[in-house]
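S.K.: Submitted below is the structure of interest, expressed as C-alpha cells.
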Amino acid sequence: MAVIHVLDKHTAELIAAGEVVERPSSVVKELCENAVDAGATNICVEIERGGISLIRVSDNGSGIDAEYIPTAFIRHATSKIRTASDLDSIETLGFRGEALASIASVARVELLTKTEVDEFACLYRIEGGQERDVEAAARGVGTTITVRDLFYNTPARMKFLKKDTSEGNYVSEVVLRMALSHPEVSFRFLRDRKQQFQTPGDGSVRGAAYAVLGREFAHDLTEVDFDDGTYRVSGLVTPPRISRASRSMQFFFINGRFVKNRTMMAALEAAYKGAMMQGKFPGCVLFLSMPPQLVDVNVHPAKTEVRFAKEKEVFDAVYRAVKGVLFQPQNTERVMTFRTPEKPAVHTPVAPAVPAPAVPRTPPVRVIQPQPEKTEKREIHAFRDLAQTLHSSDAPVPYRTQWDNDSETANAVQSAGFGSKNDEAVQHTQKEELPASDVSAADAKPLYDAPETPKEREQLPEQEPVQLSLTGQTEPEAPQLRYVGEVFDTYIIAQRGTDVCFIDKHAAHERAIYERLAADYGNVSSQMLLAPVTVRLSAEEKDALLQHASILEASGVEAEDFGGTSVIVRAVPADVVPESVEDLVVDLAKRFLENPRETVSERTEWVLHSIACRAAIKGGDKTHAQHLIRLAQDVLDGRIPPFCPHGRPIVLKVTKKELEKQFGRQG
C-alpha cells in the first residue's frame, strides 16, 4: 500500500507556481495587473534576455504599506476579495492572491515601494520563497518590483523556455494587450535597454492602438459604441476592405481584462459575413462592459478564459454593435467598395494581327539545387528527385523541354519563342526580327503580367478572336491553336483541332510562376521594396516565421525582426506586388505556426505555392489577349502542368463529338 506524504512548503509552492508562472510573460502579466489595480497612471516594463535575467515593472500607484509587504508574498493573500461572495462581483484584474508568492518561489525578487503616508520607501528581498532582508530606501509614491534569474532553482522549467528573442516577443505581446486594455494608463516598454513603444495614456483607444499596433492598422479603424442597458460594446474595428489571413489582430476585452473568447470572435465574424472574402478575417480592439455577476473569470489561473451566464445575449450585443457600424450611411462606401461594378472598357481599334509573343520568363525545367552549406536545402528530397528524373536521358519530360546553351538548341528555343529569363541575347535577337510597326506597348511588358492598376485594366480594349500559328513549335504536327476569347475575365477559351479548351488563367499563371520559383530556388530573383513593409504578427507567429528565415530567403523573401512583435520585409520575388506583401507574410507565419511537424520539403513547397498564388494574375483582372494566347499555348503544349500548385485543374476540354451529342447532331 502506497504511503501518502504531505509535501513540504517549498515543493508545494513550486507545484503551484507552475500554474501561474509559465514563462517570463506570465510574470509581466501578473505584475502589470497589480500595477493597474493599484491605480497607476504610468507603468514602465523593462526586460533583459527575454525576461529570463531581468524583469522590472515600475508604477506610480498607491504602493504597499510596509507592514503588509511580507504578507503580500504569502499564497492566497490578497486585498482584492475577502469572502466567497466577493467572487461573484470581481471588478479587479487580480484576485487569486497567488502571483507574488508564485514568482518569489522561482526567482530572486526585490520590491521597492512607498505609500503616500510613508516617510520613506521600503526595500524587501525574497529569493526562492525565503525572505532575505528589509531595509529603508528612497523612491516616489508607487512600487517597483525587480525579478532576476527566473527559474534559477528549477532547471527542469528553465530548459523548456525558448530562445531569448522568442520569450521577449511573448512579453511584448502581453504588454501590448495591457496597453490596449487600459488606454488611460501610459505604458512604456523597454527591451534590452531599447524602448519598443510608449502609449500616450490619454484614454484614447485609437491613440493606444496607434502606438502599439502601428499607423497602418490604426489609420482606418471605425469606432464602435453600442449600449443596450446591460451590455456595452465599444472600441474599434477594421473596415471590410482591410482583412488579414489570420486572427492575430483581434483583441477582445471584458471589463478591462484581455480574454480569448470564441463567442465574441464568432459574433464579430458573423457581422462581417457577406462583406469579406472567405478565408480572411477582420481586426478589432473591442471592449465588452457588463455586470460582473454575469461573467465568471475564475476559470483558469491565467484568467484569459471566461464563462458567460447568458452567452446568446453576449453574441447578440457584439453582433449588433459591429453590424450597425459597418453599414451606417457614412461607412457604406467603405463596405461596398469591392462590390461596385467595373466601368465599361474603352473600345479602341484592334490590330488585325497579333504581334509575336514576347519571350517568356518561365524556365522549362523545375530544378532546385541543394546548397551544400545549408542542411535544410539538402533535405528538399522531393524537389531533388524530380530534378534528377527530368535530367535523366531515359525519362520522359511531359511538361517542358530542357536545352543546353549550345547554338543548335538556342536556335530551336528562339524559333519556338521560348527561352530562359536570363538569356538576354535570345530576347534581343527576337525583338530585332519584329517589324517596327508590329511592336506594341504590350510587348515591353513581362509575359503573363497583368496591368498594374485598376484604371489600366478598365481601359484595355476588347480583343477579337485571333489565329495563332504554331509553325515554330518543336512538334510541327500539332494542330493549329485558335484563340476564341475570354469569359468572366477568368477563363480563356481556345480551340485546338476538334477540342474546345477552357483554361483558368489564374491557375495557369500561378503554375507557371511556381515552376520558375522552384527552378530558381536558392537564387530566386527578388526586388528590393522602395518602402519596406512592416507586418504586425502575434508573438507566436513572429517566432515561427523567423525560425524559417532560411526558407524565406531561398524563396526570395527577406524578412527581419523589427522589434516588438513586428517584422520588416525588405525584398520579395519580382512578381509579387507590394500591396500583397503583408497578406503573404501573415499567411506564411500562420502556416508555419499551425504546421510545426511538416518536413522542410513540405514547408518549402507551400511557401512557393503562396508566393505564386499572390503573384499570379487574378480572376476578374483585365488581361491583354497576347498574354492569354501565350498562356493557353504553354498549357496546351504541356510546358505548364495541367494542375495548379494546389491541385485544381487548369484546363477542361470538350470535344466536338461531345458537343454534337448534346445538340443531337449525331445521326
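The values are calculated or read from the model by the stated rules, or taken from the named source; none is laboratory data. Since this is a predicted model, take the numbers as computed values, not measurements. Neighbour counts run over all protein chains shown; Cβ positions are idealised from the backbone, glycine included.
S.K.: Would you list the strands (runs of 3 or more DSSP E) that sit entirely within the range 159-254 and hold 1 or more residues that are within 24 Å of Leu288 (Cα to Cα) and touching a residue at least 40 places away in the same chain (Cβ under 8 Å)?
M.R.: 186-191, 222-227, 232-237, 250-254
S.K.: Another question, then. How many of the residues in the range 620-630 are in a loop (DSSP other than H, G, I, E, B) and under 28 Å from Pro479 (Cβ atoms)?
M.R.: Residues meeting the conditions: 2.
S.K.: If you don't mind, another one. Specify the residue that is surrounded by the fewest Cβ atoms within 10 Å (Cβ to Cβ); the eligible residues are those in the range 631-657 that are assigned to a helix (DSSP H, G or I) and in contact with a strand residue (DSSP E or B) (Cβ under 9 Å, 6 or more places away or on another chain).
M.R.: Among those that are assigned to a helix (DSSP H, G or I) and in contact with a strand residue (DSSP E or B) (Cβ under 9 Å, 6 or more places away or on another chain), it is Lys656.
S.K.: Would you confirm whether or not the range 580-594 contains a residue that is hydrophobic (A, V, I, L, M, F, W, C) and more than 19 Å from the chain's Cα centre (by Cα)?
M.R.: Looking for residues that are hydrophobic (A, V, I, L, M, F, W, C) and more than 19 Å from the chain's Cα centre (by Cα), one finds none in the range 580-594, hence no.
S.K.: Now for a separate question. Can we say Gly39 is surrounded by fewer than 17 Cβ atoms within 10 Å (Cβ to Cβ), modelled with pLDDT under 70 and either under 34 Å from the mean Cα position of the chain (by Cα) or not assigned by TED's automatic domain parsing to the domain that holds Phe258 (or both)?
M.R.: When the stated conditions are applied, Gly39 does not pass them.
S.K.: If you take the residues in the range 541-575 that are surrounded by fewer than 22 Cβ atoms within 10 Å (Cβ to Cβ) and modelled with pLDDT under 85, which one is farthest from Gly522 (Cα to Cα)?
M.R.: Top of the filtered list is Gly563.
S.K.: Cβ contacts < 8 Å: first residue farther than 16 Å from Asp164 by Cα, restricted to the range 41-52; second residue assigned to a strand (DSSP E or B) and of a type in the set (Val, Ile, Thr), any location; separation 6+ or different chain. Result?
M.R.: Ile43/Val57; Cys44/Val57; Val45/Ile55; Val45/Val57
Condition check ((1) touching a residue at least 12 places away in the same chain (Cβ under 8 Å); (2) farther than 28 Å from Leu588 by Cα; (3) polar (S, T, N, Q)) across all residues:
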{"position": "Ser610", "(1), (2), (3)": "yes, no, yes"}
{"position": "Asp621", "(1), (2), (3)": "yes, no, no"}
{"position": "Ile629", "(1), (2), (3)": "yes, yes, no"}
{"position": "Pro642", "(1), (2), (3)": "no, no, no"}
{"position": "Arg648", "(1), (2), (3)": "yes, no, no"}
{"position": "Lys653", "(1), (2), (3)": "yes, yes, no"}
{"position": "Lys656", "(1), (2), (3)": "yes, yes, no"}
{"position": "Glu660", "(1), (2), (3)": "no, yes, no"}
{"position": "Phe663", "(1), (2), (3)": "no, yes, no"}
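S.K.: In the range 261-277, is there at least one residue being in contact with a Lys or Arg (Cβ under 7 Å, 6 or more places away or on another chain) and closer than 30 Å to Ser58 by Cα?
M.R.: no
S.K.: Right, another one. Residues in the range 220-231: is at least one buried (at least 21 other Cβ atoms within 10 Å of the Cβ) and touching a Lys or Arg at 6+ places or on another chain (Cβ under 7 Å)?
M.R.: Yes, the range 220-231 contains a residue that is buried (at least 21 other Cβ atoms within 10 Å of the Cβ) and touching a Lys or Arg at 6+ places or on another chain (Cβ under 7 Å).
S.K.: Right, another one. Taking strands (runs of 3 or more DSSP E) that fall entirely within the range 107-147, which contain at least 3 residues that are without any contact (Cβ under 8 Å) to a residue 24 or more places away in the chain and farther than 16 Å from Ala35 by Cβ?
M.R.: By residue number, 121-127, 130-137.
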